[in-house]
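Note sheet for the following structure.
The values are calculated or read from the model by the stated rules, or taken from the named source; none is laboratory data. Please read these numbers as outputs of a predicted model, since none were measured by experiment. So basically every Cβ, Gly included, is an ideal-geometry build from the backbone, and we count neighbours across all protein chains shown.
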Amino acid sequence: MAELVSRHLSWSNALTVSRLLSAPCLFFAILGGSIGLSCGLFWFAVATDVADGRLARARGEVTAFGGLLDHATDASFVCSGLAALVMTGVVPAALPLLVLLAFAQYVLDSESLAGRKLRASFLGRWNGVFYFVPIGVVVTRDALGLSWPADSLVRGLGFVLVLSTIASMADRLWTLMSVRRSDSGSL
């Protein structure tokens, strides 16, 4: 047990957890109109998201658990930010829910709860990156006092992400069903 705990206590996972802890802060900062704090929290999350993986590879701390923690943290962070943007009327209400469902499907399809490495699809990987964009655009735009891009453009991006998330989930489901059919046919 001590070995399991010590393997999960790493500098890279500590960076990831700091991002996880900032997720509810982002939600309340956006809702409370704390523009500077919202922007700072967002860019802190981007920096730690870039740094944690590099640090894990450099220190030999790459584990399936660390990958799962990183992706779960990203999903939590973007869902918090997107939920706040839903409540302010900037993105479609379906988007944070679809992000959660897509992440759950990703974890279950990859069998990562059994210790396997997460397997991202091409579209799913890009969706994961672009889920950060509406949040980053809004908080950075507001912090800089800009009027562009307008909320309507961000909302349009939100609708594109809704559609691409649905497409990604359908693709994952189709792939999983095809693999299972081919496995049952070879028995």
(message) Being surrounded by 11 or more Cβ atoms within 10 Å (Cβ to Cβ), modelled with pLDDT under 95 and hydroxyl-bearing (Ser, Thr, Tyr) is true for just one of Thr175, Thr165. Which residue is that?
(response) Thr175
(request) Mind checking which helices (runs of 4 or more DSSP H) fall wholly inside the range 1-102 and carry at least 1 residues that are modelled with pLDDT of 95 or more and under 14 Å from the mean Cα position of the chain (by Cα)? (result) 11-31, 35-59, 64-87
(request) Please state which one of Leu146, Leu82, Leu95, Leu55 is surrounded by fewer than 14 Cβ atoms within 10 Å (Cβ to Cβ) and not hydroxyl-bearing (Ser, Thr, Tyr). (result) Leu146
(request) Could you list, in sequence order, all residues of the range 138-187 that are among the hydroxyl-bearing types (Ser, Thr, Tyr), part of a loop (DSSP other than H, G, I, E, B) and more than 28 Å from Ile30 (Cα to Cα)? (result) Ser186
